[in-house]
1. For the chain, what does the helix formula give at 222 nm: sum of -39500 (n - 2.57) over DSSP H segments with n ≥ 4, over the residue count, nearest 500 deg cm²/dmol?
2. With +1 assigned to the C-beta of every Lys and Arg and -1 to the C-beta of every Asp and Glu, and no other charges, what is the dipole magnitude of the chain about the Cα centre in debye, to the nearest 20?
3. Let's test the formula: R0 of 41 Å, r as the Cβ-Cβ distance of A189 and Y330. What FRET efficiency results, to the nearest 0.05?
4. Relative to the Cα centre, what is the charge dipole magnitude of the range 32-344, using +1 at the beta carbon of each Lys and Arg, -1 at the beta carbon of each Asp and Glu, and rounding to the nearest 20 debye?
5. Can you give the Kirkwood hydrodynamic radius for the chain, in Å, rounded to one decimal and based on Cα pairs?
6. Note down the nm distance, to one decimal, between modelled labels 7 Å out along Cα→Cβ at K516 and at R252.
7. Using DSSP H assignments, which helices in the chain have an axial alpha-carbon span of 20 Å or above and a mean Kyte-Doolittle hydropathy of 1.0 or higher?
8. To the nearest 0.05, what FRET efficiency results for Q222 and L506 with a Förster distance of 35 Å applied to their C-beta separation?
Amino acid sequence: MLSSALLRVLTLLGVVAAFLLPTTSAQASAPLRTHAAAKGKFIGTALATGPLGSETSYRTIAGTEFNQITAENAMKWESTEPSQGQFTFSGADQIVNFATQNNQQVHGHTLVWHQQTPGWVQGLGATAMRSAMQNHIAQVVGHYADNPAVVSWDVVNEVFDENGGWRSSFWYNTLGQSFVADAFRAARAADPDARLCINDYNVEGINAKSTAMYNLVSSLRQQGVPVDCVGFQSHLAIQYGFPSDMQQNMQRFAALGVQVRVTELDVRIQTPRDSSKDTTQATYYRNVVNACLAVTACAGVTIWGFTDKHSWVPDTFPNEGFALPYDANYQQKPAYTAVHDALAGGTSGDTTAPTTPGTPTVGTVTSNSAALTWSASTDTGGSGLAGYNVYREQGATDALLGQSSTASITLTGLSPSTQYQVYVRARDGAGNLSGNSALATFTTQAGPGGGGGCTATGTVQTQWSGGYVIQPVTVTNTGTSAISGWTVTFTLPAGHTLSGSWNATLTVSGQTVTAKNANYNGNLAPNAGTSFGFQVSRPSGNTQTPSTYTCA
Ligand code: XIL
């Protein structure tokens, strides 16, 4: 029992603490859904039935912070029709009822997918499989057609491979690509009011896979197939870099007339977790929310869970985790603040600049590029560290040479045989800039052929255990006269095979790959650049990628 003296002290402390707290308006500290609604967007989370039934904290946060819900597993085929014609909606209804009680909209996930679909479906012949698919859609969509909470569906999920070809699933192998149009038509028939989406991963940026998706959606809509919406799963990882053309990519889909949405956002990190990874992760979350806010056709962002206590990441990606905005004890992480502040419309009130970064250390210097690293800044103003600007010191107006979200950069497009003095400034989410770091000096090397020639640098855009995408390979004319064609060569590590390419013509001899410009990107003025990309399959578990690119 507390003594009355102790109670008095605690009360006093409470009063003092309340007095010392910065005055934030109720709105600034409001839950995510309040800010999202004010912007006309949803902010959602995937929910699992287990913790929804058993954990108060899980229910409280899910109900308070989000205005949109996706069932993480409960609406999948294995849950709703485990044996043919036997429909069970107990888990799905549990989630829909929770959403109804909390005034949340539900996105149905997912009707036709190659995973979590029972074996009985996979073994059917073509005619029986098509009618099983149509019946499944009719029953599951029909079950919720009159439920005002359920407003949209992922009709088909993950139909492409990483190269932009059709995924060799039992659906495609048995029915051909027509299953997609048939699925959408069946869903429209079952609920004419529901918004019908196609959903996939690794389609956030502009690449071979997202372009295949774009072409499919365009052609389906031209044929009158009811595709209303495209979902970008957005299972991101900080070690693979942020898809910086995400907004541009969503915009090109929007131009087809479809709604777009971020459907399964998480940002995993490699263990162990540390505060710098948390900060980078927060930047990714902020970038995704900002991309959606910037695109009118983007309906909102669904995060794939919300607490690291219940996330698919550690079970799926060895040695990765911590992908969500709350930690395993339901404490908010920097990612939460980033989502909150982005939805709240920025960071009004933050006028505190980040600390000044350390002096840049110069790494590899080529004729047209230079690698720099520096010690990181911190930001205490509330909006969080957003990244760094690197400038060239040149008197009155210093040129911005590059931007990075991490404390390092490889500057490209530099002039050969030229001395550069550069410095770094940190940026926060409100746009405040730090002071200038001390200068670093380097001199680029002589270009190949003494003034003629070109260089090429490749970036790993994404990788998985069995392959990777190099995008972009940037080709720069480092010479002093225009060129009308270029050839880039590189070596694939043993066992790696080329599986696709774009914006160049690639030929393979042994492990040597020769990439020649396409007919539209061979002409490069001095200092001008272009790019191409390619995809490679590699033995599972192998982590190598090509190391050097030679341009001639
Ligand atoms: C995942 C769930 O999070 C896991 O619990 C389950 O074991 C496997 O599926 N793409 C999708 C989601 O469309 O349905 C997947 O969800 C994650 C990848």
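1. Details: 15 runs with 156 residues, N = 552.
So the calculated ellipticity at 222 nm is -8500 deg cm²/dmol.
2. Details: 26 positive and 32 negative charges, 131 e Å.
Using Cβ point charges on Lys, Arg, Asp and Glu, the chain gives about 620 debye.
3. 0.45
4. 520 debye
5. On the way: mean 1/r = 0.0388 Å⁻¹.
Every distinct Cα pair counted, the radius reaches 25.8 Å.
6. If labels sit at K516 and R252, their model points lie 2.6 nm apart.
7. Working: long enough: 4-20 (24 Å, 2.19); 126-144 (28 Å, -0.04); 208-222 (21 Å, -0.17); 275-294 (28 Å, -0.43).
Qualifying helices: 4-20.
8. Values: r = 31 Å, r/R0 = 0.88.
Rounded to the nearest 0.05, the efficiency is 0.70.
The values are calculated or read from the model by the stated rules, or taken from the named source; none is laboratory data. As the structure is a prediction and not an experimental result, all values here were calculated from the model. Because the Cβ atoms are built from the backbone with ideal geometry, glycine has one as well, and the counts that use them run over all protein chains shown. Calculation scope for accessible area: heavy atoms of the full protein, side chains included, ligands and nucleic acids excluded. Shrake-Rupley method; radii C 1.70, N 1.55, O 1.52, S 1.80 Å.
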